[in-house]
């Protein structure tokens, strides 16, 4: 605790009483108008549906959780039959790897280097043209599966059922099963993140990051 020039007692969050802390939590929750990461979540969903033959018609998370989805009829028409939708096991594994590897795995980042110098493996023509001082070097043999759709962490959640299947192909899961599991996983991840935003832990992180101080009853001190 400290006393300001107006002789007001000022407290850190840790110094507050339990009742004052509860007031802090309630005020923070009431001040949150929107879920911060909705647009990022939606971009991940769109990127996923731009690649795979499944679309949602509606969804909601935060209160009533649901997502309605279906395999596109155009996808079935494109493949001339429903045969692919019946693939399982190794046959489905090969189909996913052959058709979607470029979306599921990206060249692993190695380092940045001076773009105007010759690298022992590559010469960066873009650097020569743009005259940028530093350029990123990505491996030609190592690949990464982290945040490959948009660069946002929810990418990993929506793709988890696919990666799990590729690690251990089973003889019962179909492509439709896996893609619907992906959307359900995305929904669950969004809901967890939504709930976390209103949690005591998240509020305390915000307080610590901004060095907030409080009056004795839990009001933010300005």
Could you give me the percent of Cα pairs per 5 Å distance bin for the stretch 1-78, shortest bin first, beginning at zero and ending with the bin that holds the maximum distance? 3, 10, 12, 13, 10, 9, 8, 7, 7, 7, 5, 4, 2, 1, 1, 0
Could you order peptides 37-45, 193-201 by the average number of other Cβ atoms within 10 Å of their residues, highest first? 37-45, 193-201
Stretch residue 83-residue 168 to full length: gain in nm at 0.36 nm per residue minus the Cα-Cα span? 28.4 nm
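Read the figures in this text as sums done on the coordinates, not as results from a lab. Everything numeric here is computed off the predicted structure, so don't read it as measured data. Using ideal geometry, Cβ is built from the backbone for each residue, glycine included, and neighbour counts are taken over all protein chains shown.
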